[in-house]
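The values are calculated or read from the model by the stated rules, or taken from the named source; none is laboratory data. Quick caveat, the model's predicted, so the values are computed rather than measured. Positions of Cβ are backbone-derived with ideal geometry, glycine not excepted, and every protein chain shown enters the neighbour counts.
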Amino acid sequence: MLGLKLPTDPRWVDLAKISLEDILTDHAYCEQKAATFCISLIQQFPDKIKLVEEVSPVVTEEWGHFRMVLAELQRRGLKLGFQRKDEYVNLLNQFVPKGGSRESRLIEKLLVCALIEARSCERFRLLSTELEDEGLRDFYHKFMVSEAGHYRMFLGLARNYGGTEKVNDRWQDYLDYEVEIMKKLELRGDRMH
């Protein structure tokens with residue numbers, strides 16, 4: 001369904017289990033950044049009515065997810081750590097062409113969002129099936145379902161504004177590029193990406 005060309009190394013879940021505080025902290029900040037980015041999209045493209053209508057509820061949902069992760073940290077007696085640089089997202093953003101029309105910049109932003117959501121969905125699925133803690137498996141299953149919806153929404157918006165054929169070609173470019181990112185990044189269990 002997600003189209004990712006390289007699955008996450010299964011050892012990632014084993015590493016994530018080692019430091020639950022770190023993975024939950026990184027997850028919390030991913031949700032916070034997603035909410036902020038959705039607000040930014042609305043501010044930059046208020047004339048895109050479909051985008052505003054579909055992305056607005058996601059702002060609330062992502063902020064709610066941030067609060068859910070904070071509550072999970074607190075429930076477990078863990079603390080929210082400091083935000084860390086997201087190398088995965090930074091490398092994805094290096095693939096975005098500089099300049100271009102306002103429309104092309106929108107398509108690129110939507111495709112980057114779709115890919116981040118797809119990879120997050122895939123990783124949440126791993127956590128929801130591989131963690132021993134049943135409560136955490138259920139917790140991450142809910143996030144997996146949500147991220148799948150966001151992935152479809154961002155990809156659908158890109159196709160709506162950029163045309164299906166053109167966007168599908170560019171999406172394949174992103175998927176090919178993401179394989180190289182995944183091969184390059186150090187396998188770390190304290191990061192969602």
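With respect to Glu61, is the statement that it is among the charged types (D, E, K, R) and either surrounded by fewer than 17 Cβ atoms within 10 Å (Cβ to Cβ) or out of contact with any Leu (no Cβ under 8 Å at 6 or more places or on another chain) (or both) true?
yes
Counting just the residues of region 150-193 that are among the β-branched types (Val, Ile, Thr) and over 18 Å from the mean Cα position of the chain (by Cα), which one comes out surrounded by the fewest Cβ atoms within 10 Å (Cβ to Cβ)? Looking at the filtered set, the residue picked out is Thr164. The residues on offer are Arg152, Arg159, and the sole one that is under 22 Å from Val55 (Cβ atoms), out of contact with any helix residue (DSSP H, G or I) (no Cβ under 7 Å at 6 or more places or on another chain), in a helix (DSSP H, G or I) and not aliphatic (A, V, I, L, M) is Arg152.
A quick yes/no check of all residues on (1) out of contact with any helix residue (DSSP H, G or I) (no Cβ under 9 Å at 6 or more places or on another chain); (2) in contact (Cβ under 8 Å) with a residue 40 or more places away in the chain; (3) of a type outside the set (Phe, Trp, Tyr):
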| site | (1), (2), (3) |
| --- | --- |
| Lys33 | no, yes, yes |
| Pro46 | no, no, yes |
| His65 | no, yes, yes |
| Gln74 | yes, no, yes |
| Lys79 | no, yes, yes |
| Phe95 | no, yes, no |
| Gly100 | no, no, yes |
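Considering only residues that are crowded, with 22+ Cβ neighbours inside 10 Å and in contact (Cβ under 8 Å) with a residue 40 or more places away in the chain, look in region 122-135 and name the one that is farthest from the chain's Cα centre (by Cα). Across region 122-135, the extreme among qualifying residues is Leu127.
Would you check which residues across region 34-56 are within 16 Å of the chain's Cα centre (by Cα) and surrounded by fewer than 17 Cβ atoms within 10 Å (Cβ to Cβ) and list them? Quick ask: steps written out before the conclusion?
So in region 34-56, the residues within 16 Å of the chain's Cα centre (by Cα) come out as 34-41, 55.
Passing the criteria: Thr36, Ile39, Ser40.
Just one of the listed residues (Glu103, Glu147) is surrounded by fewer than 18 Cβ atoms within 10 Å (Cβ to Cβ), out of contact with any Lys or Arg (no Cβ under 7 Å at 6 or more places or on another chain) and part of a helix (DSSP H, G or I), namely Glu103.
Can you spot a residue in region 118-132 that is over 26 Å from Arg76 (Cβ atoms) and in a helix (DSSP H, G or I)? Yes, that holds for at least one residue. The set of residues in region 63-95 that are in a helix (DSSP H, G or I) and of a type in the set (Asp, Glu) comprises Glu72, Glu87. Annotation note: Cβ proximity below 9 Å between a residue of region 180-193 that is modelled with pLDDT of 95 or more and a residue that is in a helix (DSSP H, G or I) and buried (at least 17 other Cβ atoms within 10 Å of the Cβ) (sequence gap 6+ or interchain) occurs for Glu180/Leu91; Ile181/Tyr88; Ile181/Leu91; Ile181/Leu92; Met182/Tyr88; Met182/Arg119.
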